[in-house]
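Take a look at the structure set out below.
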Amino acid sequence: MYTFFQGALVSIVATFPMGVVSAIAIARTLKNGYKDGFFTLLGSSLADLIAFFIILSGLSFSFTRNPEVRLILSLIASIVTALIGISIFKNKNKVNTKTNEITGENIEHETNNFVLGFLLTILNPYQFVVYSIFLTSLNIHYISKVLVWTFSVGAFFGSLVWAVSVPFLIVKLKEGYTDKVNKIYPYIGALIFIVGVILFTRALYLFFI
């Protein structure tokens, strides 16, 4: 239990919602409601579980040391990020008023959000670098695979805290300031696009210098 809660606490700090996936989840929450933001961050939480497992198992060298692998993953993640930013900006005036009916279309939509959050997190090699540095600084390492899995599952639930709370807070914010928040929405899309371009440029720069 100690290892589980240690993983949860570490993850709550390490996965603080400041990155691109969080911005996308916020934008989707503003547009379509709680579920879109939740499933986007839920996918990211699963990616966090896998990332912590890979790092603690000592398998992260291919992501952090191989420049070709790092470049490919970085370029894919940056391109996807830029495209999402464009999509969000283009749909600034198309606020979705979906009902809460459970339909095949809604399930597919939620699945797409989940996959998106997962891929953007797992394809980001710098995520592995940051988590590796974080775990090393805390002197966290395990030999037992059982403890590695226990810590990683705890990290999933720690990340899940943000998946549950961030969309909830955004929904509450929108309820009180709907008009103002809707005006902010296109700027979030533009910001995400700019971040994607910066990540793309940075990946090429780090590879060729």
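Before moving on, here are some points about what is shown:
- If a spin label sat at a point 7 angstrom from the Cα of residue 130 along the line to its beta carbon, the backbone N atoms of the stretch 12-44 nearer than 18 Å would be those of 12-27, 40-44.
- Neighbour-count ranking [beta-carbon atoms within 10 angstrom, fewest first] of 28, 202: 202, 28
- Here the spin labels are modelled as points 7 Å beyond Cα on the Cα-Cβ line, and at residue 204 and residue 171 they lie 4.2 nm apart.
- Fewest neighbouring Cβ atoms within 10 Å first, the residues 136, 40, 29 line up as 136, 29, 40.
- Exposure proxy shown here: for 110, 175, the number of other Cβ atoms within 10 Å sets the order, fewest to most, as 175, 110.
Laboratory data are not the source of any read-out in this text; all were calculated from the coordinates shown. As the structure is a prediction and not an experimental result, all values here were calculated from the model. Counting neighbours? That spans all protein chains shown, and the Cβs are built from the backbone with ideal geometry, glycine included.
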